[in-house]
1. Tell me which residues, restricted to segment 192-228, are closer than 26 Å to residue 169 by Cα and out of contact with any strand residue (DSSP E or B) (no Cβ under 9 Å at 6 or more places or on another chain).
2. crowded, with 20+ Cβ neighbours inside 10 Å, in contact (Cβ under 8 Å) with a residue 60 or more places away in the chain, in the same structural domain as residue 146 (by TED's automatic domain parsing) and in a helix (DSSP H, G or I): does that describe residue 344?
3. Which of the residues that make up segment 19-36 are farther than 16 Å from residue 114 by Cβ and either without any contact (Cβ under 8 Å) to a residue 24 or more places away in the chain or part of a strand (DSSP E or B) (or both)?
4. Which residues, taken from segment 305-329, are at pLDDT below 90 and surrounded by 21 or more Cβ atoms within 10 Å (Cβ to Cβ)?
5. Quick one: would you say residue 291 is in the same structural domain as residue 223 (by TED's automatic domain parsing) and surrounded by 17 or more Cβ atoms within 10 Å (Cβ to Cβ)?
6. Based on what the data block shows, is residue 294 in contact with a strand residue (DSSP E or B) (Cβ under 7 Å, 6 or more places away or on another chain) and assigned to a helix (DSSP H, G or I)?
7. Mind listing just one residue for me: the one in segment 135-152 that is surrounded by fewer than 21 Cβ atoms within 10 Å (Cβ to Cβ), in contact (Cβ under 8 Å) with a residue 12 or more places away in the chain and over 18 Å from the mean Cα position of the chain (by Cα) and, of those, nearest to residue 379 (Cα to Cα)?
8. Just give me the residues in segment 301-331 being outside any helix (DSSP H, G or I) and in contact with a strand residue (DSSP E or B) (Cβ under 8 Å, 6 or more places away or on another chain), in sequence order.
């Protein structure tokens with residue numbers, strides 16, 4: 001079975017932490033005998049824009065083709081414009097880059113699996129139509145909760161894409177319901193799994209791990225892991241230091257547009273630390289080195305880092321958005337309001353000083369993760385979806 005994955009994010013040597021959840025699922029599929037090729041188109045802005053705006057040079061130097069952990073990844077460029085997902089969808093430009101790559105490298109899959117309705121899904125719709133291939137679409141969060149609401153044209157593209165797929169998957173129940181409201185199309189809930197075998201208790205103590213990571217040993221550490229953007233609640237988290245005791249520090253692991261403003265915080269390098277982006281293998285160490293993991297996002301799909309933290313039985317502070325309540329189940333009362341510094345401060349103090357997150361609660365959350373979010377288990381389900389979709393299409397020919 002040959003599957004072509006089309007996605008806007010996938011790890012590379014230059015950015016090993018970008019789209020790790022995709023790579024985890026791909027590796028689990030490979031173990032089941034599925035042959036996966038990845039095409040991850042790279043946006044390239046016009047030269048003048050790259051010259052004026054430094055952030056639009058980010059993809060310079062990304063190789064066109066590389067092999068990562070046995071998987072061939074293609075990164076064809078396409079012309080991109082700032083804010084394109086708001087108004088002028090780049091579906092046709094991305095599709096053209098994918099079709100050219102498929103032709104030149106003789107990529108002939110049995111099925112296409114696109115991730116995110118926008119922009120990858122829109123491009124996959126065009127590619128599948130031209131190649132007369134079946135395709136499935138996985139909805140992840142921002143492609144349902146954010147992008148379709150930018151404009152009427154964006155919403156139209158979202159509806160067309162979701163309606164066109166042979167099968168639609170959603171990484172959480174709340175996302176499934178929201179997509180149904182927007183498009184009228186039903187979907188199957190199938191999370192992108194996590195390799196839980198990698199998230200086991202460490203042999204080293206918390207203090208040994210902190211020394212290795214050069215983190216303060218005399219502080220209670222709150223760790224944030226993710227893209228540093230306003231929508232992830234990073235400024236509320238940084239602002240919470242003002243109301244927390246001096247023995248509390250926050251470590252931001254990741255990169256993004258909010259980094260420079262966080263660097264200007266008065267407690268930078270004293271109680272607020274920035275590590276930059278780290279390889280996925282090191283995420284576990286930062287979680288184990290922490291006293292609390294915090295992700296106070298405004299919106300989410302099904303964040304894998306929360307699954308990883310719960311798998312390690314680390315106390316977690318999250319907002320009640322997207323698929324996060326599904327991860328907490330009957331303990332959803334532990335979730336906080338988004339955009340609220342006071343809720344964040346209160347919950348941090350609850351956990352650090354009053355031991356709100358008991359070992360029994362952590363164990364119950366851990367059991368839910370083990371049952372529903374293991375990459376190997378979910379890969380078996382995904383392979384079955386591939387098989388059914390292929391058979392249903394070709395049986396009608």
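The values are calculated or read from the model by the stated rules, or taken from the named source; none is laboratory data. These numbers come from a predicted model, not from an experiment. All Cβ positions, even for glycine, are placed from backbone atoms using ideal geometry, and neighbour counts span all protein chains on display.
1. Going residue by residue through segment 192-228, those that are closer than 26 Å to residue 169 by Cα are 192-199, 225-227.
Of everything in segment 192-228, those that are closer than 26 Å to residue 169 by Cα and out of contact with any strand residue (DSSP E or B) (no Cβ under 9 Å at 6 or more places or on another chain) turn out to be 198, 199, 227.
2. In short, no.
3. Once the filter is applied, which keeps residues that are farther than 16 Å from residue 114 by Cβ and either without any contact (Cβ under 8 Å) to a residue 24 or more places away in the chain or part of a strand (DSSP E or B) (or both), segment 19-36 yields only 35.
4. 322, 323
5. yes
6. No; evaluated as a whole, the condition is false for this residue.
7. 150
8. Correct list: 301, 303, 314, 315, 316, 317, 318, 319, 320.
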